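Colleague: Supplied in structure tokens, the structure appears directly below.
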Amino acid sequence: IFKNVIKDRISSSLKQKSTESFLKKGQINYFTLNKQKTICKMQCVTLDFSVILTRDSPGVSFLSDLFLLRLLFSCLSPIVHCQSERLSHSSLLLGYPVMIKASAGGGGKGMRIAWDDEETRDGFRFSSQEAASSFGDDRLLIEKFIDNPRHIEIQVLGDKHGNALWLNERECSVQRRNQKVVEEAPSIFLDPETRQAMGEQAVALAKAVKYSSAGTVEFLVDSQKNFYFLEMNTRLQVEHPVTECITGLDLVQEMILVAKGYPLRHKQEDIPISGWAVECRVYAEDPYKSFGLPSIGRLSQYQEPIHLPGVRVDSGIQPGSDISIYYDPMISKLVTYGSDRAEALKRMEDALDNYVIRGKTAHLPFYVDVTDMTYDSFLTGHTLTLSERNQLLAIASSVFVASQLRAQRFQEHSRVPVIRPDVAKWELSVKLHDEDHTVVASNNGPAFTVEVDGSKLNVTSTWNLASPLLSVNVDGTQRTVQCLSREAGGNMSIQFLGTVYKVHILTKLAAELNKFMLEKVPKDTSSTLCSPMPGVVVAVSVKPGDMVAEGQEICVIEAMKMQNSMTAGKMGKVKLVHCKAGDTVGEGDLLVELE
């Protein structure tokens, strides 16, 4: 019954939209939702149809966009409008879980997954606001959410002479907040038959709408290699470099030639898959702070690893650049290419180790975990072997001793040394992951001999502590490390094998005396709500005197086009509200106090 109602209302809407030039008599049969009657036989990601939601458009109407009309009348299931109050009803028809997303959106903006009516209402509110802020259009799509999918897209290229090619696929399944963060080409999941079927359908779609330029047809692929049409992006994608690497084509050049009116210079049989490419989007975000809260401010140091083979970096920043709250947090694209996937991933790990971004936190350690491509390391980070742990402790101890020796030297000044300059051995107490280790280090020029829990290692480097990168040789193994911070109290942050480790190093005497130091009592923050990032307050949901429950929304902060709900840490009564809608707040600013 519902399908028939939809069909009748669509038919009425089409007459109002003057679409006779696109429809012939009887062509309304395409809206019977029978996939077998569509030209391209694509399966919609929803079970039968998608629903576009809008706040103020009453009734049902079609998008007037010419491209969408051609698309609907050629090969796809229909997309319809409905009012926001029908949101929960539509979700029930599709069945939970559902995906709510901006119809004009991209980059994960305005997307929410809802598992019940309450999450659907909240998702509608946040998604529509983000959509309006990011795209100037608060219309939303709601569709069936598919668990455990792979996001695989086909690059297409068409001209104005009716020709179209598919340039292989890109795997974009590693995402956070529904936004791609790691892409690779080709996909390790597809077989040649599925690849060809997806490519042919993507080309059929491009030809159906007479598309002329570079574009991307995106699919969801399930575990059985069934693929479902998601959307078409009529532009150049962020991840296009990986396609350029494996095909040898310059997509921007091809787009310019097509725009000038030239026919395509290549045939489908000319498009190769040569090697493997991986791209990591580098974001100014902290992956260990609510998994990606914005990290905003000025870059004090910035050094790209373009000296390494098979590495490409696309960026628009330099040392001293400011990362603003008003734009997307992506600051660069790091791309590596190799003869096979293993080589491309190894080059990516090396590139991430050699990528210097200081002043703001970036996603780099997270990407090293991802490029391991194992489930455990993805969740917990790189797990050190015994040998790697000893190497890390030896390098950290050598850096500590090198910094102590440098502090004793004064160029062109003679002074009485405060300690004996001829210390033969440094007995150190080193703590890593709450485990204490006994380390003894001695040096002969740039070479250190370090004994870690009874195991001896030889460590050699130039020990230029002013350089952001340290190339260290440990028993013949070359490592590139970054010493991110060194504090007088013995705390040291070292990036080793792509992961940042907190190491606490003191001399044996200092460690013994440190036991008598009073421990700092952590501040009780349960009665205060502070901003975890810079941003703009979009809404405040409470006032003084209100009772709030643990987990209840207090306010909403927008940063980098994403809205973040701030919640109460405990049940209590609101004492003071220090912000209002429209205020700009910094990281750590007090927002609300509870009694």
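The values are calculated or read from the model by the stated rules, or taken from the named source; none is laboratory data. Remember, it's a predicted structure, so these values are computed and weren't measured experimentally. Cβ atoms come from the backbone with ideal geometry, glycine included; neighbour counts cover every protein chain shown. To get the accessible areas, we keep the full protein, side chains included, count just its heavy atoms, and leave off ligands, DNA and RNA. Shrake-Rupley method; radii C 1.70, N 1.55, O 1.52, S 1.80 Å.
Colleague: Here are the criteria: (1) surrounded by fewer than 18 Cβ atoms within 10 Å (Cβ to Cβ); (2) at pLDDT 90 or above; (3) not hydrophobic (A, V, I, L, M, F, W, C). Tell me which single one residue 454 does not satisfy.
Modeller: If we test residue 454 against (1) surrounded by fewer than 18 Cβ atoms within 10 Å (Cβ to Cβ); (2) at pLDDT 90 or above; (3) not hydrophobic (A, V, I, L, M, F, W, C), just (2) comes out false.
Colleague: Tell me yes or no: at least one residue of the stretch 178-195 is touching a strand residue (DSSP E or B) at 6+ places or on another chain (Cβ under 9 Å) and modelled with pLDDT under 85.
Modeller: Yes, that holds for at least one residue.
Colleague: Okay, moving on. For the stretch 571-595, name all the residues that are in a loop (DSSP other than H, G, I, E, B) and open to solvent by 60 Å² or more (accessible area, probe 1.4 Å).
Modeller: Passing the criteria: 571, 578, 580, 581, 587, 589, 595.
Colleague: Name the single residue, out of those in the stretch 558-591 being β-branched (Val, Ile, Thr) and farther than 29 Å from residue 108 by Cα, that is farthest from the chain's Cα centre (by Cα).
Modeller: 574
Colleague: Return only the number of the condition from (1) in a strand (DSSP E or B); (2) open to solvent by less than 50 Å² (accessible area, probe 1.4 Å) that residue 175 does not satisfy.
Modeller: Result: residue 175 passes all but (2).
Colleague: Let me confirm something: among 293, 299, 334, which residue is open to solvent by less than 60 Å² (accessible area, probe 1.4 Å), at pLDDT 90 or above and among the aliphatic types (A, V, I, L, M)?
Modeller: 334
Colleague: Looking at (1) under 24 Å from the mean Cα position of the chain (by Cα); (2) modelled with pLDDT under 90; (3) not basic (Lys, Arg), find the lone condition where residue 551 falls short.
Modeller: (1)
Colleague: Looking at residue 258, is it at pLDDT 95 or above, more than 19 Å from the chain's Cα centre (by Cα) and open to solvent by 10 Å² or more (accessible area, probe 1.4 Å)?
Modeller: When the stated conditions are applied, residue 258 does not pass them.
Colleague: Mind checking whether some residue in the stretch 561-570 is open to solvent by 20 Å² or more (accessible area, probe 1.4 Å), part of a loop (DSSP other than H, G, I, E, B) and of a type in the set (S, T, N, Q)?
Modeller: Scanning the stretch 561-570, I find no residue that is open to solvent by 20 Å² or more (accessible area, probe 1.4 Å), part of a loop (DSSP other than H, G, I, E, B) and of a type in the set (S, T, N, Q), so the answer is no.
Colleague: Going residue by residue through the stretch 230-243, is there one that turns out to be open to solvent by less than 60 Å² (accessible area, probe 1.4 Å), farther than 30 Å from residue 352 by Cα and touching a helix residue (DSSP H, G or I) at 6+ places or on another chain (Cβ under 7 Å)?
Modeller: Yes - at least one qualifying residue is present in the stretch 230-243.
Colleague: Only residues that are open to solvent by 50 Å² or more (accessible area, probe 1.4 Å), in a strand (DSSP E or B) and either among the β-branched types (Val, Ile, Thr) or under 18 Å from residue 428 (Cβ atoms) (or both): list them for the stretch 478-503, please.
Modeller: Passing the criteria: 486, 491, 502.
Colleague: Applying the selection to the stretch 96-125, what residues are open to solvent by less than 20 Å² (accessible area, probe 1.4 Å), outside any strand (DSSP E or B) and either over 12 Å from residue 562 (Cβ atoms) or modelled with pLDDT of 85 or more (or both)?
Modeller: 97, 120, 123
Colleague: Taking the residues in the stretch 178-204 that are over 22 Å from residue 274 (Cβ atoms) and not small (Gly, Ala, Ser) as candidates, determine which candidate is surrounded by the most Cβ atoms within 10 Å (Cβ to Cβ).
Modeller: 181
Colleague: Another question, then. Count, please, the residues in the stretch 550-582 that happen to be charged (D, E, K, R) and under 19 Å from residue 129 (Cβ atoms).
Modeller: 4
Colleague: If residue 87 meets every condition in (1) hydrophobic (A, V, I, L, M, F, W, C); (2) more than 30 Å from residue 197 (Cβ to Cβ); (3) at pLDDT 85 or above; (4) touching a Ser or Thr at 6+ places or on another chain (Cβ under 8 Å) apart from one, which number is that one?
Modeller: For residue 87, the failing item is (3).
Colleague: Examine the stretch 341-360 for a residue that is open to solvent by 80 Å² or more (accessible area, probe 1.4 Å), under 17 Å from residue 498 (Cβ atoms), in a helix (DSSP H, G or I) and at pLDDT 70 or above, and state whether such a residue exists.
Modeller: yes
Colleague: Among the residues of the stretch 133-154, count how many are open to solvent by 70 Å² or more (accessible area, probe 1.4 Å) and part of a strand (DSSP E or B).
Modeller: 1
Colleague: I'd like to verify a number: residues in the stretch 505-527 that are open to solvent by less than 50 Å² (accessible area, probe 1.4 Å) and not in a helix (DSSP H, G or I), how many?
Modeller: Of the residues in that region, 5 qualify.
Colleague: For the stretch 428-454, enumerate the residues that are under 15 Å from residue 494 (Cβ atoms) and either among the charged types (D, E, K, R) or outside any strand (DSSP E or B) (or both).
Modeller: 431, 433
Colleague: List pairs: first residue in the stretch 233-245 and in contact (Cβ under 8 Å) with a residue 40 or more places away in the chain, second residue assigned to a loop (DSSP other than H, G, I, E, B) anywhere in the structure, Cβ distance under 8 angstrom, at least six positions apart or on different chains.
Modeller: Within 8 Å, the pairs are 233/106; 234/211; 234/213; 243/249; 245/275.
Conditions tested, residue by residue: (1) outside any loop (DSSP other than H, G, I, E, B); (2) touching a strand residue (DSSP E or B) at 6+ places or on another chain (Cβ under 7 Å).
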| residue | (1), (2) |
| --- | --- |
| 231 | yes, yes |
| 242 | yes, yes |
| 246 | yes, yes |
| 252 | yes, no |
| 274 | no, no |
| 277 | yes, yes |
| 305 | no, yes |
| 308 | no, no |
| 318 | no, yes |
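Colleague: Tell me which of these residue 491 doesn't satisfy, since it passes every other one: (1) touching a Ser or Thr at 6+ places or on another chain (Cβ under 9 Å); (2) modelled with pLDDT of 90 or more; (3) closer than 21 Å to residue 385 by Cα.
Modeller: (3)
Colleague: Name the one entry in 160, 207 that is among the charged types (D, E, K, R), open to solvent by 10 Å² or more (accessible area, probe 1.4 Å), closer than 22 Å to residue 265 by Cβ and part of a helix (DSSP H, G or I).
Modeller: Result of the check over 160, 207: 207.
Colleague: While we're looking at this one, here's another question. Mind counting the residues in the stretch 211-229 that are outside any strand (DSSP E or B) and modelled with pLDDT of 95 or more?
Modeller: Number satisfying all stated conditions: 3.
Colleague: Next question, about the same structure. Residue check: is residue 539 of a type in the set (Gly, Ala, Ser) and either over 30 Å from residue 383 (Cα atoms) or crowded, with 20+ Cβ neighbours inside 10 Å (or both)?
Modeller: Taking the combined requirement at face value, the residue satisfies it.
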